[in-house]
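Take a look at the structure below.
What follows draws every value from the coordinates through simple rules; no lab data is involved. If you're wondering where the values come from, they're calculated on a predicted model, not measured in any experiment. Glycine gets a Cβ as well: all are built from the backbone with ideal geometry, and neighbour counts include every protein chain shown.
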Amino acid sequence: MATLMTMGGAENQWAKLLPEVQRLLNNSETKVTGKTPFEMLHGYRPRFLQSALRVLSATEDNWTPPAELQARVRENMELISGRRKAAYDSHRHDNTHYAVGEVVVMRRDPNSTGESTKLQDKYRGSLVVTEVLSSDVYRVAELDASKKSRLATTAHVSQLKSWRLPVDDDAEGELEEPERGQSETEDQNPADPQIPEVPETVGRRSQRVMRRPDWLRDYSCKVIENLYYHYYYVVPLYCYCGYY
C-alpha cells in the first residue's frame, strides 16, 4: 500500500499499478538474505528496461543454480539470527535459579505518599522459596512464621534477589599485620617529631592599593588616568576640607 501511494496516479487507477508493484517487490534485496526473491527462485536477475544502463551496473550477470543460492541464503539467515539472539540476550537477566528453602528478597513497588520515594525500601524480605513453578516463577513466603498474617505470593525470577548478611567494615580492619621492615623497637619508642620553629610576624597596617577599574584596563592614556584619580580622590578630599 505504501508503494502504491508513492507511485502516484489517479485514485481510481490503482489496480493498473499492481503488476509494477509486484515487479519491484520481487526484485528488491532483503537485508537478511542479500538476494532478491526472483534471484533465489530462478538463479539470476532480470534485465527489464535498463538497456544501456545495464553495462554500468555492478551486478554480476551469471546464472547460479537456485539450490546453491538457497543454501547461501540459509547460512546468512542462521548467522543473522544468532547475532540478533545475542543482542537480545545481552539486555536480559542472567540465567538465575533458586532452590526450595533458599532465602531471598523480593522487589517491592514504591508507596506513593506525595513525597520522594528515593529513601523507601526497594526490597521486601526476608522470604523463603517454598515451591519452584514453571517459566522461572517461584512461590515464596515470609521467613518469620510467628506472624499472624504471613505473606505468601508468587514472583518471577527477575523480581527476586539472593539474601546476604551485611558486611561489617569495622571487623575487617581489626586484625591487620604490621608491615614488613618495621621493627618492634620503632613501634614502642617512636622518635619525637621535630616541630619547625615559626618566625614571629610583626603586625603591619594594611595599605590600600589603587587599581584601575575594568573599563580602563584596555587603555593606557594618562589623561583618563588623571581624570579618574582627580574625580575619585582629589575632589572628595577638597569637599572634606571645605574648598568646594
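Stretching the chain fully between GLU131 and LEU165 yields a gain of 9.9 nm (0.36 nm per residue, less the alpha carbon separation). Placing dummy labels 7 Å off each Cα toward the beta-carbon, the span from SER116 to SER158 is 2.8 nm.
The stretch between ALA141 and GLU78, if pulled fully straight at 0.36 nm per residue, gains 18.3 nm over its current Cα-Cα span. If R0 is taken as 45 Å, the Cβ-Cβ distance between GLU20 and TYR88 corresponds to a FRET efficiency of 0.75. For ARG124, the residues 5 or more places off, or on other chains, whose built amide H falls under 5 Å of its own are MET106, ARG107, ARG108.
Once the C-beta distance of VAL209 and VAL103 is scaled by a Förster radius of 51 Å, the resulting FRET efficiency is 0.10 to the nearest 0.05.
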